[in-house]
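What follows draws every value from the coordinates through simple rules; no lab data is involved. Computed from a prediction, not measured in an experiment: that's the story for all the values here. Every residue, glycine as well, gets a Cβ built from its backbone with ideal geometry; the counts of neighbours run over all protein chains shown.
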Amino acid sequence: MNNILHESTWEDIAKLLEQGTSGALLPIGATEQHGPHLGCGVDTEIADKLCRAVAAKADVLLLPALPYGCSMGHSQRWPGTLALQPKTLIDMIKDIGDWVYASGFRRLYLLNAHVTNYAPLRCALEMLRAEHDDFLVALINSASISERVKKAHFDDADDWHANDAETALMMALDPAMVREDRITDADDPDRTEGCVFSHPVNRTSSNGVTGYPSRANREKGQQLFNWMVEDLCALIARGNQEQAPLPYSYFEKIHH
């Protein structure tokens, strides 16, 4: 049965619920500059392709990808970034979550492919679980699904962006988004080590890149993507079976 919401009728979705599918998977990306060698849709492309591959294997409803995120840190220095305010992203995820719950799903997996979406997504998670007592919400960052996936992303920079890992992923997933002739000179080091403050990208990168895209190749990207699919499938399989450690209601008060 089709488990892609965009292609499903309401009857298809009702059948999924009847057959025991309890989880929905929301890919969340961003639209932002990715240096001189990558398209602005990298984060959304990763989120969407990863979740589509996972939905083909896992018992979960795939929701349409969200292509905008909290990208304000990329500044206005380079054209192409379209950023949401954190409070806007919070409201969007809260609204989507409310309707996922209303449709009958009781587990929501937020797959985040843009690092600085994390804080507003965590706020939305707090709001959803406080309002819906039996709603389980998980926030998963695509770059840290597992230790091996995290190591690959952080290998060339702690404050990475458009780096080895992202460039390799795009080489494997969507070569049209890669400007091969611009990769060699795109390397830019991480300048954030020892910083007390969190600085916007215009003050940490000369070209919008942090890391070493020149080290990327298609084979490396395909292996990394395979790990991401395998490890996210495993997380969702565990999540589909998970119950809260204790059964107490969020709204039930203790009376002595």
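Structure summary
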quantity: Among beta bridges that DSSP assigns inside the chain, antiparallel share in %, nearest 5; calculated: 20
quantity: Residues with amide H under 5 Å from that of Leu38, placed H, sequence gap 5 or more; calculated: Arg179
quantity: Among the listed pairs Lys87/Lys253; Lys94/Lys150; Lys49/Lys150; Lys57/Lys87; Lys15/Lys87; Lys57/Lys150, those beyond 24 Å (Cα-Cα); calculated: Lys87/Lys253; Lys94/Lys150; Lys57/Lys87; Lys15/Lys87
quantity: Relative exposure of Met72, Met177, Met171, judged by other C-beta atoms within 10 Å (fewest first); calculated: Met72, Met177, Met171
quantity: Hypothetical label at Phe197: residues of segment 52-76 whose amide nitrogen lies under 16 Å (7 Å Cα-Cβ projection); calculated: 73-75
quantity: Order of Tyr109, Tyr250, Tyr101 - criterion: other Cβ atoms within 10 Å of each residue's Cβ, fewest first; calculated: Tyr250, Tyr101, Tyr109
quantity: Eligible lysines near Lys151 by straight Cα distance, threshold 17 Å, same-chain separation 8 or greater; calculated: Lys220
quantity: Sites His255 and Trp99, calculated FRET efficiency, Cβ-Cβ separation with R0 30 Å, nearest 0.05; calculated: 0.30
quantity: Degrees between helix 118-131 axis and first principal axis of the chain (Cα, 0 to 90, nearest 10); calculated: 10
quantity: Residue order, fewest to most surrounding Cβ atoms within 10 angstrom, among Leu125, Leu108; calculated: Leu125, Leu108
quantity: Gaussian network model of the chain, springs between alpha carbon atoms under 10 Å - residue of Thr167, Thr116, Thr184 with greatest fluctuation; calculated: Thr184
quantity: Qualifying GluC sites (Glu not before Pro) in segment 224-254, DSSP loop, other Cβ atoms within 10 Å at most 11; calculated: Glu242, Glu252
quantity: Segment 90-169: trypsin sites (Lys or Arg not before Pro) in DSSP coil with no more than 16 other Cβ atoms inside 10 Å; calculated: Arg106
quantity: Between helix 218-241 and the chain: long-axis angle, C-alpha atoms, 0 to 90°, nearest 10; calculated: 20
quantity: 0 to 90° range, to nearest 10: angle between helix 164-173 axis and the chain longest Cα axis; calculated: 70
quantity: Dipole moment magnitude, nearest 20 debye, the chain about Cα centre, only Lys, Arg, Asp, Glu C-beta charged; calculated: 180
quantity: Computed over segment 5-241: relative contact order in percent, which uses C-alpha pairs under 8 Å that are six or more apart; calculated: 23
